[in-house]
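Notes for the one structure printed next.
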Amino acid sequence: MDIRAIFMGLAFALMWSSAFTSARMIVADAPPLTALSLRFLVSGLLGVAIAWALGQSWHLSRAQWRSVVIFGLCQNALYLGLNFVAMQWVEASLAAIIASTMPLLVALLGWLFLGQKVRPLGIAGLVAGVIGVAIIMGSRFSGGVSLAGLVLCGLGALALAVATLTVRGASTGGNVLMIVGLQMFVGAALLAVAALATERGLPINWTPRLILAFAYTTLVPGLIATWIWFRLVARIGAVRAATYHFLNPFFGVVVAAALLGEQLGLADGIGVAIVAAGILAVQISKQATVRSG
């Protein structure tokens, strides 16, 4: 048993899930795209500076540069940009649940469009994921929820799933922290253009909560969690590492409830458990496919 990998996976899941709560705090006091672009700029500067101090180089392989561009666009600009905008109307717990379906989307898209084999357990996991999300959505719609916010969160998860399917080789060849930093610059540049076009002149309410949430989001989910993820993938492989995503729905709703006081009903709890079980089933199925292949 790789104890270090287990701790890395748990740390990544908790950090990644907490980002939705801190994002909700940020957009309460600042324009979302402006704040996110600035966050990426700071994270990128820190990441590249630390990587340079550690002797890492920006001379990357072709696969690594492709990772920088695609993940900078899909993960940072589209996935996080859409989620930050949606967070103005959608609760952090719901955004975390929708984003947590990304492994299910990866498996579904790979099955439908890339001819990737999915075992019966994986199909059962996909069905469970759909059922779990339907239970949660039914509960939230009855209580009133922003349809536009849900669509933006869904599109963001889809963008990240597409990036995951199209990029390979990012965690091999070294220079991991440099790759993370350069991805941040891509997201910062793209979102700065969008912010100038849509948010020029919007005020920023400088509060202690905004400053703390911005600092936390920049350093922990933005930089440290991304670095841990690449290191975890390099250590145990993408399929096994992705298993830890099944913890994200649980961590996401717990952190939002603890720090934001978001209310969770029985239907939410049941739906979260079913989604988590579906994600776990899909990942176990993938591991079995890899072993048999």
Legend entry - In range of the label at Ala28: residues from the range 230-266 whose backbone nitrogen is under 18 Å from the point 7 Å along Cα→Cβ: 252-264
Inset, instruction - Take the alpha-carbon centre of the range 249-286, take the same for the range 52-72, and report the distance between them in whole Å. - result: 34 Å
Legend entry - Peptide ranges 108-114, 46-52 listed from the most packed, as the mean C-beta count within 10 angstrom indicates: 46-52, 108-114
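By per-residue mean of other Cβ atoms within 10 Å, what is the highest-first order of 258-267, 221-230?
221-230, 258-267
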Inset, instruction - Please work out whether the range 86-221 counts as rounded, prolate or oblate from its C-alpha gyration tensor, where a ≥ b ≥ c are the square roots of the eigenvalues and a/c under 1.5 means rounded, while otherwise a/b larger than b/c means prolate and anything else oblate? - result: oblate
Legend entry - Approximate spin-label separation Phe7-His59, in nm, with each point projected 7 Å along Cα-to-Cβ: 3.5 nm
Legend entry - the chain: relative contact order in percent, alpha carbon pairs under 8 Å with at least 6 residues between: 41 percent
Legend entry - the range 3-292 - Rg and Dmax from Cα coordinates, angstrom: 18.2, 57
Inset, instruction - Using a Förster distance of 35 angstrom, determine the FRET efficiency expected from the C-beta separation of Ala49 and Gln287, and round it to 0.05. - result: 0.40
Inset, instruction - Using only Cα atoms, locate the centre of the range 129-158 and the centre of the range 1-39, then give the distance between them in Å, rounded to an integer. - result: 20 Å
Inset, instruction - Name the helices (complete DSSP H segments) of the chain with a Cα length along the long axis of 27 Å or more and a Kyte-Doolittle mean of at least 0.5, or state none. - result: 3-27, 32-53, 120-143, 147-166, 176-198, 266-292
Inset, instruction - Excluding Met8 itself, calculate the net charge of residues whose Cβ lies under 14 Å from the Cβ of Met8, where each Lys or Arg counts +1 and each Asp or Glu counts -1. - result: +3
Inset, instruction - Take the alpha carbon gyration tensor of the range 37-127, find the square roots of its eigenvalues, order them as a ≥ b ≥ c, and report rounded if a/c is under 1.5; if not, report prolate when a/b exceeds b/c, else oblate. - result: oblate
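Laboratory data are not the source of any read-out in this text; all were calculated from the coordinates shown. These numbers come from a predicted model, not from an experiment. When we count neighbours, we look across all protein chains shown, and the Cβ atoms used for this are built from the backbone with ideal geometry, even at glycine.
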